[in-house]
Amino acid sequence: MSRNTDHPTLGNLDFELEPERYELMSGLASIQLDRRDFLRSLGGGLVVLCLLGRAEAQESRRGRTGGGGSGGEPREIGAWLQIGEDGTITAFTGKVEVGQNARTSLAQAVADELRVPVDAVAMVMGDTDRVPYDRGTFGSRTTPTMAPQLRRAASAARSILVGLAADEWGVERSEIELADGAVTHPPSNRSIGFGALTQGRRLVEAIEEDDAPRPRDRWEVAGRDAPKANGRDFVTGRHRYASDITRRFMLRGKVLRPPAFGASLKGMDASNAEAIDGVTVVREGDFVGVVAPDEPTAERALEAIKADWTTPEGDRPSSQTLFDHFKRTAEDRRGRDDSGPIGQALSQADAVVEARYTIAPIAHAPLEPRAAVAEWDGDRLTVWTGTQRPFGVREELMNAFRLAEDQVRVIVPDTGSGYGGKHTGDAAVEAARLARAVGRPVKLVWSRSEEFTWAYFRPAGLIEARAGASKDGTLAAWEFTNYNSGGSGIEPPYAIAARDIAFVRADSPLRQGSYRALAATANHFARESIVDELAHAVGMDPLDFRRKNLDQDRVRAVLDAAAERFGWQGASVEPGHGIGLACGMEKGGHVASCAEVRVDDSGRVEVVRTVTAFECGAIVNPLHLTNQVSGSVVQGIGGALFEAIAFEDGRILNDRFSRYRVPRLGDVFDRVEVVLVDRPDLPSAGGGETPIVAIAPALGNAIFAATGRRIRSLPLAPRGRLPEA
């Protein structure tokens, strides 16, 4: 843990000022690329290459050798765009499509620069043999980093095409225009297609950092609704997910799982499994798997194995003792300092709130469980899998099988959701291990129970806080400590004179990792609950209290937009109903949510309506951004009201949807309204994460307004009802 006291807006902020630890970012081995071989592989047409600037190179090659971090320009090149001899436009990116519609929005960026329809641009994504290195699809970085990169590539291509046409026709460059895949010279009414203009020549251009793409006020394709690329394939079932991939002579695999976390294999009898026709049992240390002609046979073989496991002895943390465990194992035993600036400010405050908040671990629950198909060709390995980090999975495979970089290829079909839960290559390594043992391609698909048990979870958190305000509603003191879940979104958007903010690591008995918006949901839930409680304590409307203390104009703008659409001022609330609101910011996005709930006499909570206003700079695709915000709110309702992983003695107790409550259509139908705040004067930020963070505190505050009870634990209504008082 480190402390930052120098930043003018952070005050005393105790947490590491580096990428969120649960983003699972890891560097890769050095890539050596021969320029002539690279160009030969692309064939004819126009190829645009990008010389990365120092900052971008450091981001894209973190942990790698060979350039980018020594202060000079990197020596390697990355191909971002190709215009084929037939005029086809193909853009290449290491980002992947996991339902956020990046395939569409990135194609819009390229189409905008080349003056073509969006469906004229084909995107090649997440194929490590065909795309430039990329750290992964996470952190809401695709829109603010990859879209501008592809725009620069397309802008450079446009410049080359204009220059070729000007030279061909002997005219001024300023007289050349691009439209619908052709270069035209309006004064002479001449026109030529992109492909015909290049005439099969291999033309290479390096993009400089200062290459200027079109400004926002000149966008023609971006900034407007565009249908989802390949959307019909998803609706009709034509799209092939990783679990749909088939290879010649392919077999099916399953892995023997321990009965509890930390268990080790003492011995086993696999004779009954091996007696099944077509079954091969594979054992490498504690790894045991089976390969069979089909999945039912593989499952039957797995059940036939008699395994003897040794499980850890002694008391183990459970769902009931988890938060006390965090305090016992905290790396920093923070104590109260009532004599310091915080203590003094609290002693002078007219209203003080001291509270403890708990946030349960939850599962990602993706519609598509982990799946992989692995195929060996000699010592070269190809894996099809759904992951947010294709190059990261390639590195895992390289390390697992001691392979060189050019011996491993990872291909990521458009994937059925990730939510931060598919950063690792568990299924890919397992499938490759089984495939190597039997010398045939192997498909391995995790069951729903495996997905709930052996994937990593959103980190649980314990938050302890003290805050004070004066009678006029001015926030005066803020002490806030997050144990375990993380420092993401921990900085308040409010002006507070005395504050001490910390993130403290602690031991987790569960495997934990990245999740949509990371710890920002936990930190916003606690913070916006405290703010709401202080507002009531000093007799101010929660909206007015926030507006008085906010020092972030962009947060104030979304708060006002949400409140106006919701009708907050003068709202008439029926008995048993309550309304609440919350706001915040994270990863370049600014969000506010208002919610109305109904709580009946049994404690059952019903979401009546929600309004969420969101701003992330210039909007690239309003339709898809609306869908992202809606999806975030729906998922956030699940984590706010129902979702929690239950565990005991190293075992997950609710490892299927029948035991793990997620939002259903009846919970949210026609109850989620979205307001987009467009800022064309600002760069575009990502919209896939931040909209989730405000709904939980808004619901908690609405429950308080309806019942007078302040619930300080997520989920607020496990099993659909408020916990007993």
Kindly flag which residue pairs out of K95/K266; K228/K443; K327/K443; K228/K587; K548/K587 have an alpha-carbon separation exceeding 31 Å in this structure.
K95/K266; K327/K443
To check you understand DSSP bridge types, tell me what percent of the beta bridges within the range 245-400 (both residues inside) are antiparallel, rounded to 5.
100 percent
When the Cα centres of the range 556-610 and the range 303-323 are compared, how far apart do they sit, in Å?
42 Å
Averaging over all projection directions, find the projected area of the Cα convex hull of the chain and quote it in nm² with one decimal place.
34.5 nm²
Note down the nm distance, to one decimal, between modelled labels 7 Å out along Cα→Cβ at E295 and at D277.
2.3 nm
List the residues, sorted by chain then number, that are 5 or more residues from R604 or on another chain and whose placed amide H is less than 5 Å from its amide H.
L722
Taking the Cβ-Cβ separation of S347 and E284 as r and a Förster radius of 60 Å, what is the calculated FRET efficiency to the nearest 0.05?
0.45
Amide H contacts under 5 Å for L256, restricted to residues at least 5 apart in sequence or on another chain and with H modeled in the peptide plane, are V288, G289, V290
Hey, what number do you get for the chain at 222 nm if only DSSP H runs of n ≥ 4 count, each worth -39500 (n - 2.57), divided across all residues, to the nearest 500?
-8500 deg cm²/dmol
Solvent-accessible area per residue, Å², over the chain with all protein chains present [probe radius 1.4 Å]:
41 Å²
Between the range 476-496 and the range 345-416, what is the separation of their alpha carbon centroids in Å?
27 Å
For the chain, what is the relative contact order in percent, using Cα pairs closer than 8 Å and at least 6 residues apart in sequence?
14 percent
Label point distance in nm, D553-S188, each placed 7 Å from Cα along Cα→Cβ:
5.0 nm
Relative contact order, percent, the range 489-614 [alpha-carbon distance under 8 Å, six or more residues apart]
23 percent
For H239, enumerate residues with amide H under 5 Å from its amide H, sequence gap 5+ or separate chain, H modeled in the peptide plane.
F234
Under a point spin-label approximation (7 Å from Cα along Cα-to-Cβ), what is the D315-E168 distance to one decimal in nm?
7.9 nm
Mean separation of Cα contacts under 8 Å, 6 or more apart, over the residue count of the range 577-665: relative contact order %
18 percent
Ignoring ligands, DNA and RNA, what percent of the accessible area of the chain is carbon or sulfur (1.4 Å)?
45 percent
As a test of reading the structure, rank D269, D350 by solvent-accessible area (1.4 Å probe, protein chains only), most first.
D350, D269
Taking R0 as 51 Å, what FRET efficiency do you get between F401 and E220 from their Cβ-Cβ distance, rounded to the nearest 0.05?
0.60
Give me the dipole magnitude in Debye, nearest 20, for the range 170-253 about the Cα centre, with unit charges on the beta carbon: positive for Lys and Arg, negative for Asp and Glu.
920 debye
Counting only DSSP beta bridges with both residues in the chain, what percent are antiparallel, rounded to the nearest 5?
70 percent
Go ahead and collect, in residue order, the members of the range 691-725 whose backbone nitrogen is under 12 Å from a label point 7 Å along the Cα-Cβ direction of S602.
720-722
Hey, what do the phi angles of the range 344-353 turn into as Karplus ³J(HN,Hα) couplings, whole Hz, using 6.51/-1.76/1.60 and θ = phi - 60°, x for Gly and Pro?
5, 5, 5, 5, 9, 6, 7, 9, 10, 10
Using a 1.4 angstrom probe on the protein heavy atoms only, line up E395, E574, E528 by accessible area, largest first.
E574, E395, E528
Would you work out if the range 419-559 is rounded, prolate or oblate? Take a ≥ b ≥ c from the square roots of the eigenvalues of the alpha-carbon gyration tensor; rounded if a/c is under 1.5, else prolate when a/b is larger than b/c, oblate otherwise.
prolate
For K306, list the aspartates and glutamates whose Cα falls under 17 Å from its own Cα; do not include residues on the same chain fewer than 8 positions away.
D269, E274, E284, D286
In the range 181-286, what chymotrypsin sites (Phe, Trp or Tyr not before Pro) fall in a loop by DSSP, with at most 13 other Cβ atoms inside 10 Å?
F249
In Hz, Karplus ³J(HN,Hα) per residue of the range 684-694 (6.51, -1.76, 1.60; θ = phi - 60°; x = Gly, Pro)
6, 10, x, x, x, 10, 4, x, 7, 7, 9
Work out how much length E85 to R248 would gain on full extension: take 0.36 nm times their residue separation and subtract the Cα-Cα distance, in nm to one decimal.
55.4 nm
Taking R0 as 35 Å and r as the Cβ-Cβ distance between D269 and E724, the FRET efficiency 1/(1 + (r/R0)^6), rounded to the nearest 0.05, comes to 0.15
Using a 1.4 angstrom probe and counting only protein chains, how large is the accessible area of W446 in Å², to 10?
10 Å²
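The values are calculated or read from the model by the stated rules, or taken from the named source; none is laboratory data. These numbers come from a predicted model, not from an experiment. A quick note on method: Cβ atoms are made from the backbone with ideal geometry, for glycine too, and the neighbour counts reach across all protein chains shown. We work out accessible area using only protein heavy atoms, side chains counted, and drop any ligands, DNA or RNA first. Shrake-Rupley method; radii C 1.70, N 1.55, O 1.52, S 1.80 Å.
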